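Here the structure is laid out as structure tokens; the discussion comes afterwards.
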Amino acid sequence: MVENRPVLDFICHLILIAGVVVVIFPVYLAVIASTHGPYDFMSGLVPLLPGSQAVENYSVMLGTGISSSGTPPVWPMLLNSLVMALGVAIGKIVISILSAFAIVYFRFPFRSLAFWLIFITLMLPVEVRILPTYKVVADLGMLNSYPGLIIPIIASATATFLFRQFFLTIPDELLEAARIDSAGPLRFFWDILLPLSRTNIAALFVILFVLGWNQYLWPLLVTTDPGYYTVVMGIKRMATVAESFPQWNLVMAAVVLALLPPVIVVIAMQRFFVKGLVETEK
Amino acid sequence: MASIELKGVSKTYPGNVQAVSGIDLSIADGELVVLVGPSGCGKSTLLRMIAGLEAITDGTVSIDGRVVNKEEPAERDIAMVFQNYALYPHMTVRRNLEYGLRNRGTPRDIVNQRVAEAARVLEIEPLLDRRPRQLSGGQRQRVAMGRAIVRQPKAFLFDEPLSNLDAKLRGQMRIEIKKLQRTLRTTSVYVTHDQLEAMTLADRLVVMNAGRIEQVGSPTELYDRPQTQFVAGFLGSPPMNFIPVADLATGEAAEIQRRAPGVSVVGVRPDGFSLTSGEGGLALRARLALIEPVGAESHLYFSWGRHTLIAAVQGRPNVVENEEVTLTVAPPRLHCFGSDGRRLESA
């Protein structure tokens, strides 16, 4: 809209600001809560201004953890989450770009059947297949291990589909030129397809990293050894303690710490992320 | 450099769609052959079969005396220039030029030398470190040609390489391609739907229609003595006028029948009409509907019965629109075609 309409502008901004406030407020509360002492929440009123216990709370979480709920310090859990999120993001990208490559560029029997089978799994979220998957993972002895945390989540119809759509926009002549230039399939993939997919890969990495980081149900099922707890499920354990009040100040400190890595990844890769979503470079 | 030999080459797509049928053509070493025809006539398919990008249903393609039907494009040692250039967007111009050579394991110093040489010939030296996206259409076209040249292949295949350029640039690049081909003397097959491009570039012209070759010959040969009505109508701008013999005056029709028995259509090039009266041939009384001055000559559109006739005359004619004029055609300027569309030689 080119014309200047102050009233409309005002209303638009009001709605946008209201939306931002709604999103930001709980995060703000978490940050505030993590700076108070353990008894500041007993009154039922949540304080809105920072307290004085920030250093103590964070050092407890990073150092010893909450002993009463049996969770380890946040450090190892953050590390577990990082391993899982990276594993899931990288694994998904590798698997899906390769399967998209096969589906788009190779003529093999039942090619479209293969594509539709992958596509159909979009309809089946992890929760639907969680029992059989658990059984398989348990039988393979992968409980309480990184492979057990990562591998079952890797297969991704969404990413395969996105890569397929992207590959379909690459002109056929590029493949033909590469064939004339003596590039075999793998060289074509490595020299041409992969560099062209760079921004898409970056955008997907951001999405998948956050997705992997936020996994809750699956780590809850396959890990019983605190050494493999991820931070998201660890927080849940801290909040449900028997025979005492949850130490909300400490829980919130863990929440804030758990929030940081995805935020860092998103901010660091924001440039590529936006580019990957909007750019149609050919 | 090499000769290319096509024997009975056919292409049938699934669903029994015959795109190309029974093409016999031999292209001599160093020759520039242009395949021309309306869209969908199979010329691109034929080129892609020579390149190895399209499987050959029937017949054989040989390059340099060796049948290459089963070979991959890379093994055929040909280079191709695509309509949309097909440059690798993420590589610099230099990398684009080098890519084919590197994949073949050419030694570094030879690669550098060939790229430098091609860049010099095509005058793209200042562009070597840019990306395709930063180049204009004409520059991209040069890079695409450079990519073909550096390989020093047995043959160049051009697939409508100029159709993405504007008219002026197209004319310029046409001349450059011709010069380049003259210098390098590399066997070339060039596909276009633009008959002007075809006429000016070709050593030999192949006119195709509906998957078959209509006529092969030098551009002037095809223009002067088209063997079919299709070739006659396709080459030349403005196109040839076709007049059914049945519409002619009885005396004229009889005279033409006598000279070329079986004639059903006579063709006259626009420059074959004369506004001054002449002896023999045809004299058509027509009304001038429109004058189109195009510079050195003028195109006159006449209504003659239910036909529109186009005449091209030098300079500015001294006739006005809506005037009744007698158009005459000298007998040698008449092209006679039988009812099957084939040329009939008149006695």
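What follows is calculated from the coordinates using simple rules that are stated; it is not laboratory data. Bear in mind that the values here come from a model prediction, so they are computed numbers and not experimental data. Quick reminder, even Gly has a Cβ in these numbers, built from the backbone with ideal geometry, and neighbours come from all protein chains shown.
Which percentage, to the nearest 5, of the DSSP beta bridges contained in chain B is antiparallel?
Numbers: 53 of 71 bridges.
About 75 percent, rounded to the nearest 5.
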Environment charge at B:SER298 (Cβ cut-off 13 Å; Lys +1, Arg +1, Asp -1, Glu -1): -3
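Find out how many positive minus negative residues lie around A:VAL83, taking Lys and Arg as positive, Asp and Glu as negative, among other residues whose Cβ is under 15 Å from that of A:VAL83. Kindly include the intermediate steps, with their values, before the conclusion.
Numbers: positive: A:LYS92; negative: A:ASP225.
Overall, the nearby charge balance is 0.
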Sequence of A:VAL60, B:VAL93, A:VAL83 once ranked by neighbouring C-beta atoms within 10 Å, starting from the fewest: A:VAL83, A:VAL60, B:VAL93
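Rounded, prolate or oblate: pick one for region A:123-162, where a ≥ b ≥ c are the square roots of the eigenvalues of its C-alpha gyration tensor, a/c under 1.5 means rounded, and failing that, prolate if a/b is larger than b/c, else oblate. All intermediate terms of the calculation are to be shown ahead of the outcome.
Values: a/c = 3.35, a/b = 1.66, b/c = 2.02.
Here region A:123-162 falls in the oblate category.
Provide the percentage of antiparallel DSSP beta bridges, counting only those with both residues in the protein assembly as shown; round to the nearest 5. Before the final figure, lay out the partial values.
Numbers: 53 of 71 bridges.
Bridges in the protein assembly as shown that DSSP calls antiparallel: roughly 75 percent.
Shape call for chain A from the C-alpha gyration tensor, a ≥ b ≥ c root eigenvalues: rounded (a/c under 1.5), prolate (a/b greater than b/c) or oblate?
On the way: a/c = 2.63, a/b = 1.47, b/c = 1.79.
It comes out oblate by the Cα gyration axes.
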Helix A:54-63 vs. chain A, principal-axis angle (Cα, 0 to 90°, nearest 10): 60 degrees
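Please give the calculated 222 nm ellipticity per residue for the protein assembly as shown, where each DSSP H segment of at least 4 residues contributes -39500 (n - 2.57) and the sum is spread over every residue; nearest 500 deg cm²/dmol?
Numbers: 24 runs with 286 residues, N = 629.
So the calculated ellipticity at 222 nm is -14000 deg cm²/dmol.
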For chain A: relative contact order, % (alpha-carbon pairs under 8 angstrom, 6 or more apart): 30 percent
B:GLU117 paired with B:THR326, simple spin-label distance in nm, labels 7 Å along Cα-to-beta-carbon: 6.6 nm
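What number comes out for the charge environment of B:GLN172, summing +1 per Lys or Arg and -1 per Asp or Glu over other residues with Cβ under 13 Å away?
Working: positive: B:ARG142, B:LYS168, B:ARG170, B:ARG174, B:LYS178, B:LYS179; negative: B:GLU123, B:ASP166, B:GLU176, B:GLU197.
Summing Lys/Arg as +1 and Asp/Glu as -1 gives +2.
Could you grab the relative contact order for region A:1-160? Cα pairs under 8 Å, six or more apart, rounded to a whole percent.
Working: 100 pairs, mean separation 30.1, N = 160.
Over region A:1-160, the number comes to 19 percent.
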Where chymotrypsin sites (Phe, Trp or Tyr not before Pro) fall in DSSP loop in region A:186-251, at most 15 other Cβ within 10 Å: A:TYR216
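Sorted from fewest to most neighbouring beta carbons within 10 Å, what does the list B:PHE273, A:PHE108 look like? Write down the numbers at each step before the final one.
Values: B:PHE273 24, A:PHE108 8.
The fewest-first ordering by Cβ neighbours comes to A:PHE108, B:PHE273.
Relative contact order of chain B: what whole-number percent is it, with Cα pairs under 8 angstrom and at least 6 residues apart? Intermediate results must be reported in sequence, preceding the final value.
On the way: 687 pairs, mean separation 57.4, N = 347.
That works out to 17 percent.
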Global form of region B:64-195, assessed from the alpha-carbon gyration tensor, a/c cut-off 1.5: oblate
Ascending count of other beta-carbon atoms within 10 Å, so fewest first, for A:SER59, B:SER10: A:SER59, B:SER10
